[in-house]
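Written below as structure tokens is the structure these notes are about.
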Amino acid sequence: MALVSTLSFSPPNSPIIMNKTPRIIHNSSVVPPSSSPRIPRCIVVPDHSLAPTPSQYFDRTYGHPIITFGQQDEFRVEHANKLETFKRIFGEVSEDPLQGLAMTDAIQRLGIDHHFQHEIEQVLQRQYMLSGDNYVHNCDLHEVSLRFRLLRQGGYFLPAGVFNRFKDKEGSFRHELCMDIKGLIELYEASQLEIEGEDVLDEAREFSFKNLSKWQDSKGGHISNTLDQPIHKSLPRLKARNLLTSDLQATNGWLNILQDVAKMDFNLVQSLHQREIAHVSDWWKQLGLAKELGFARDQPMKWYIWSITCLTDPTLSEQRIDLTKAISLIYVIDDVFDVYGTLDELTLFVQAVERWDCGASDGLPDYMKLCFKALDDITNEISQKVHEEYGRNPIDSLRKAWKTLFRAFLVEARWFGSGKFPKAREYLENGIISSGVHIVLVHIFFLLGLGSTDQNVEIIDNNPSIISTTAAILRLWDDLGSAKDENQNGHDGSYVDCYMKEHQDIEIESARQHVIDMISDAWKALNQECLSRESFSMTFCKASLNIARMVPLMYSYDEKQRLPSLDEYIKSLLYQSVPMKTLFPTKI
């Protein structure tokens, strides 16, 4: 049996990840190779609801793709024509500052900004120049807030002091702003891009939230949606899908054309993702780990969804598939540590990986040999692709990242085995690594070709803040208690547990609020990193942000310990096309 698929891949045409809660599977087909005790922690009935084959989705429940194979060429031509038409309109209309902001916002909200990177950059540069002129003093709250958000999202640092002019003599936001619903909504959106020390944005968020909450009952769901899911902390493609399937009232002539472009684009990208998941499914089956390791999770769909969430540009097809391979190993290896391995075996496993020598795995149990072989093969495969594409081999950095993850897993296994609680800070420092986020982002870093210099490689090898803050958001959210894995009972500790152990007199709600505040601070730090990206591209920054945005969806378990929101996200993203008035609208 081939451990790693030998298929070559050509991209189709144009705790992260795991929950650290461990599990034990009963009646496993794998016979323990050692007499030393397993590490039983809790009981789980394997849930394969997130691991269907692509063919299972193309049925009457979800419908067939709106674009059949024979129609794709015609559909692409129609899409390209509309796209060019709108680019001409964008170039003309965006000369007006307010219209330029509105069009840029609409393009980004509809999820088609990858087609307009140059045009959007020109708009942002003009807006940044305007932000220092007297022009902004004549702008209302909505325009100032929108400009602030779009510039910061684009990597331009606009001082938060632009909002001070909306305050009264006492230093509070002026009372008449309470009636400006449009301005309050955009002020709340802008406040989400806060960095540490920006008190005015803290005040802006509290002020806008308080006053928008008063309007919720009388003004419908738009306000509720803003407060629950602000743009900066939500998944762009999910937001876009919701907009495209709602009854949009186009107040600008150009918005009608843009909506048509976005709907066609969504369906084209969906068709691309369907082919990608089919490839991932075939690769995972040929890899053979699911068959050989009966205790491990078998959820290629769930792993792939991380990849399309991180890397949203349609041109990054092969990178998404390679990233999914690395993510699958994070899950499988996590299950080796949390579900099946004895402490003695896990120690030997870490030692073998530290040496990273195929001969070093000879003393391992068979199931660990399979894992090590898959890890070595996939790491070599990805490294070779990066080397051929960008001229530099990242094998040392990728191996170093995996070694770090293995060590963190072993630390947690020893903590559990001893029954001792670590200090909260010590737990979090290790938990940031054991989240697996750094594995994902290090792979993304090299798959995007960012490791071309010694300086950049040194930065990524040392777990920079953009990675550790993203991982902290995931770990802390997980540890709030909303992240029990599928059908699991019990847990092996969390930051909340460790914190309460250190502070015996604290109530559970106070401890949870402390963690919520830490997540808020981590978001501020992540915003800062994305604004001061000296070594990281915008694509890498967006990948980091999208991991943080994905966390609530990935860990929102219901009373049956399932992930209904994630399941709906997968269906809507991959298997439910966006309705259009006609399949091929009349050309403009």
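Taking 1 over the mean of 1/r across every pair of different Cα atoms in the stretch 161-223, what Kirkwood radius in Å do you get?
Working: mean 1/r = 0.0831 Å⁻¹.
Taking the inverse mean of 1/r over all distinct Cα pairs, the stretch 161-223 comes out at 12.0 Å.
Between the stretch 446-476 and the stretch 342-364, the alpha-carbon centres lie 26 Å apart. The share of C-alpha pairs in the stretch 189-241 whose separation exceeds 19 Å stands at 34 percent.
Using a simple spin-label model with pseudo-atoms 7 Å out from Cα toward Cβ, Glu429 and Lys233 lie 2.8 nm apart. Using only the alpha carbons of the stretch 339-455, what is the convex hull's orientation-averaged projected area in square nanometres? Dividing the Cα hull surface by four gives the mean projection, 8.2 nm².
Taking 20 °C and 1.002 mPa s as the conditions, I'd like the Stokes-Einstein D for the stretch 250-378 in µm²/s, using the Kirkwood hydrodynamic radius from alpha carbon pairs.
Values: Rh = 16.9 Å.
Result for D is 127 µm²/s.
Computed over protein heavy atoms with a 1.4 Å probe, the carbon and sulfur contribution to the accessible area of the stretch 126-189 reaches 55%. How large is log10 I(q)/I(0) at q = 0.19, 0.20, 0.29 Å⁻¹ when the Debye formula is applied to the Cα atoms of the stretch 250-306, each weighted equally and without solvent? After summing over all Cα pairs, the log10 values are -0.74, -0.78, -1.10. Annotation for the stretch 399-453: trypsin sites (Lys or Arg not before Pro) lying in DSSP loop with at most 11 further Cβ atoms inside 10 Å of their Cβ are Lys420. With θ taken as phi - 60° and the Karplus curve 6.51 cos²θ - 1.76 cosθ + 1.60 applied, the whole-hertz 3J(HN,Hα) list for the stretch 182-195 is 4, x, 5, 4, 6, 5, 5, 4, 5, 5, 6, 9, 5, 10 Hz, x standing for glycine and proline. Grouping the Cα pair distances of the stretch 152-258 into 10 Å bins from zero gives a pair-distance distribution of 12, 40, 34, 13, 1 percent in increasing distance order. Pair-distance distribution P(r) for the stretch 404-557, from all Cα-Cα distances in 10 Å bins starting at 0: 10, 38, 34, 15, 3, 0 percent.
What's the carbon and sulfur percent of the stretch 506-555's accessible surface, probe 1.4 angstrom, rounded to a whole number? All intermediate terms of the calculation are to be shown ahead of the outcome.
Values: 940 of 1970 Å².
For the stretch 506-555, the apolar C and S fraction of the accessible surface comes to 48 percent.
Which whole-number value in Å² is the accessible area per residue of the stretch 98-171, probe 1.4 Å? Accessible surface, normalised per residue, equals 44 Å².
The values are calculated or read from the model by the stated rules, or taken from the named source; none is laboratory data. Only a predicted model underlies this, so the values are computations on that prediction, with no experimental measurement involved. Neighbour counts are summed over all protein chains in view; Cβ atoms, including those assigned to glycine, are modelled from backbone coordinates with ideal geometry. When the accessible area is computed, the model is the full protein with side chains, heavy atoms only, and any ligands, DNA or RNA have been set aside. Shrake-Rupley method; radii C 1.70, N 1.55, O 1.52, S 1.80 Å.
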